[in-house]
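A.B. asks: Could you have a look at this structure, given as structure tokens, before my questions?
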Amino acid sequence: MKLQILPFLLLGLLSSAPVWAQTATASADSDADSSTILPIAPSARAVVDMRYACEWLAYSYEVPVRVPQEILLAGYSYSDAMIALSMMHKGASLNELLELRRNMRWEQVAAQVEIDPQTLPLAVRGLLYMK
């Protein structure tokens, strides 16, 4: 198991423990067949989705996987991560972008770091004006 995935795995296991306990108790109380498979807890599914998203972002923007993981764990949204990584790909400092984002909208951040939003990919340009 890769070391960078371990925190996400532990987070998913810890946050899904009450859901698993309820599901196991409910199935034990009923006369259900012992071959029934317990459903995946929503939090565990979110952890898996986050892992795949981080791998995709890292591959797309040619950065280590830990970079998008750290962005998302710091409380930024998926759209913030995509916009910041695409601006970083154009030459801006990722740390500067994320610090500016705390106080400004993305259009203002782009103007501050002197990146023309029209040079960003079309999908990312659509995200700039959402928030």
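A.B. asks: Give me the pairs, please: first residue somewhere in the stretch 91-116 and under 17 Å from Pro68 (Cα atoms), second residue anywhere and of a type in the set (Phe, Trp, Tyr) and surrounded by 12 or more Cβ atoms within 10 Å (Cβ to Cβ), beta-carbon distance under 8 Å, and either six or more positions apart or on two chains.
C.D. replies: Within 8 Å, the pairs are Leu98/Tyr76; Arg101/Tyr76.
A.B. asks: Taking Val109 as meeting all but one of (1) within 18 Å of Leu57 (Cβ to Cβ); (2) among the hydrophobic types (A, V, I, L, M, F, W, C); (3) part of a helix (DSSP H, G or I), write down the number of the exception.
C.D. replies: Exception for Val109: condition (1).
A.B. asks: Looking only at residues that are part of a helix (DSSP H, G or I) and in contact (Cβ under 8 Å) with a residue 24 or more places away in the chain in the stretch 61-72, which one is farthest from the chain's Cα centre (by Cα)?
C.D. replies: Residue satisfying both the conditions and the ranking: Tyr61.
A.B. asks: Separate question: At pLDDT below 90 and either in a helix (DSSP H, G or I) or not acidic (Asp, Glu) (or both): does that describe Ala81?
C.D. replies: Against the criterion (at pLDDT below 90 and either in a helix (DSSP H, G or I) or not acidic (Asp, Glu) (or both)), Ala81 does not qualify.
A.B. asks: Ala46 - would you say it is in contact with a helix residue (DSSP H, G or I) (Cβ under 8 Å, 6 or more places away or on another chain), among the small types (Gly, Ala, Ser), at pLDDT 90 or above and not in a loop (DSSP other than H, G, I, E, B)?
C.D. replies: No.
A.B. asks: Right, another one. Would you mention how many residues in the stretch 88-125 are surrounded by 12 or more Cβ atoms within 10 Å (Cβ to Cβ) and closer than 22 Å to Arg51 by Cα?
C.D. replies: 5
A.B. asks: For Pro68, are the conditions met, namely being touching a Lys or Arg at 6+ places or on another chain (Cβ under 7 Å) and surrounded by 13 or more Cβ atoms within 10 Å (Cβ to Cβ)?
C.D. replies: Considered against the rule, which asks whether it is touching a Lys or Arg at 6+ places or on another chain (Cβ under 7 Å) and surrounded by 13 or more Cβ atoms within 10 Å (Cβ to Cβ), Pro68 comes out as no.
The values are calculated or read from the model by the stated rules, or taken from the named source; none is laboratory data. From a predicted model like this one, the values you see are computed outputs, not experimental measurements. Ideal geometry is used to build each Cβ from the backbone, glycine not excepted, and the neighbour counts take in all protein chains shown.
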